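The next block holds one structure in the form of structure tokens; read it before the comments.
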Amino acid sequence: MVANNIDPILEKITVIEHGFRHILDALEEVLSQYSEKECLDIAISLTTHEAYQVRMLSTALLGRLAASKHIKAYQVLKEHIGLDPNWRVQEMLAMAFDTICRGQGYEQSLPIIQEWLSDKNPNIIRAVTEGLRVWTSRPFFKEHIALAIELLSQHKAHKSEYVRKSVGNALKDISKKHAGLIAEELAHWDLSNPLIRFTHKHACKNLQ
């Protein structure tokens, strides 16, 4: 059960329809008022709330807790938040995944990056491809650009347009500073495949 005195925080965020700043402010407010155990209980209890803003807050809380190696928070993010139908909640999931990687270190997070990229749920895959943008501004990946390109490109033909668009845009980001590497990667793509052609269209925008 959610503590009664969290209701004012929830009321504040549910009247705002757009953006993330109010959610992140509410996150800090909750973290400052409750213990980690209480925050975990609160976050889990809010995952099924009818208001997407509250589920966004739940997602942000779970991400912060998972970054501190709370296994339960990590499991709820991956197994439950990844199924949420609201796109704003999925945007927050991407942010939460980056929070986890930042907290644990991007190189140390390679196993979970691979794990999420191998998932069957497109939302879980996109949480990685979108959450780590701009990939080459992230520690470790800025020195290992080829690895970032390799990880992203493995989903160039994913059946989900949602995933392919994120992949293409992430590669486009990288091309701003590393056009040669992206051009070299794209040169090997089979553009007779319409799925790959879609991703290519987004990835090559800065190369034209």
Quickly work out the residue 161-to-residue 28 label distance, labels modelled 7 Å from Cα along the C-beta direction, and quote it in nm with one decimal. 3.8
Report the relative contact order of segment 104-145, percent, no decimals, based on alpha-carbon pairs under 8 angstrom and at least 6 residues apart. 37
Can you tell me which of 190, 84, 173 moves the most in a GNM of the chain? Springs connect C-alpha atoms under 10 Å apart. 190
Candidate aspartates and glutamates - alpha carbon under 15 Å from residue 176, same-chain residues fewer than 8 apart omitted: 184, 185
Label point at residue 86 placed 7 Å out along Cα→Cβ; residues across segment 35-52 whose backbone nitrogen lies under 11 Å: 47-52
Probe 1.4 Å, heavy atoms of protein chains only: per residue, the accessible area of segment 89-208 in Å² is 45
Listed pairs 156/177; 69/156; 37/165; 159/205; 12/78; 177/201 exceeding 29 Å between Cα atoms: 69/156; 37/165
How much length would be gained if the chain were fully extended between residue 37 and residue 150, taking 0.36 nm per residue of separation minus their Cα-Cα distance, in nm to one decimal? 36.9 nm
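Give the relative contact order (percent, whole number) for the chain; include only Cα pairs under 8 Å separated by 6+ residues. Present the calculation step by step, with values, prior to reporting the outcome.
Details: 264 pairs, mean separation 26.4, N = 208.
Over the chain, the number comes to 13 percent.
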Cubic angstrom per residue, convex hull over Cα atoms of segment 104-163: 73
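Which value in Å is the Kirkwood Rh of segment 1-155 over different Cα pairs?
Working: mean 1/r = 0.0636 Å⁻¹.
Taking the inverse mean of 1/r over all distinct Cα pairs, segment 1-155 comes out at 15.7 Å.
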Could you give the nm distance between label points at residue 118 and residue 134, where each point is 7 Å from its Cα heading toward the beta carbon? 3.1
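Does segment 90-131 classify as rounded, prolate or oblate by the C-alpha gyration tensor (a ≥ b ≥ c root eigenvalues; a/c under 1.5 gives rounded; else a/b over b/c gives prolate, otherwise oblate)?
Working: a/c = 2.81, a/b = 1.24, b/c = 2.26.
It is oblate, given that a/c is not under 1.5 and a/b is not larger than b/c.
How big is the charge dipole of segment 50-136 about its Cα centre, in debye rounded to the nearest 20, if each Lys and Arg gets +1 on its Cβ and each Asp and Glu gets -1 on its Cβ? Intermediate values should be presented prior to the final figure.
Values: 10 positive and 9 negative charges, 29 e Å.
For this selection, approximately 140 debye.
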Of 113, 125, 71, the most mobile residue in a GNM of the chain (C-alpha springs, cutoff 10 Å) is 71
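The values are calculated or read from the model by the stated rules, or taken from the named source; none is laboratory data. Since the model is a prediction, treat every value here as computed from it, not as a measurement. Ideal geometry is used to build each Cβ from the backbone, glycine not excepted, and the neighbour counts take in all protein chains shown. For the accessible areas, the whole protein counts, side chains as well, though only heavy atoms, and no ligand, DNA or RNA atoms are used. Shrake-Rupley method; radii C 1.70, N 1.55, O 1.52, S 1.80 Å.
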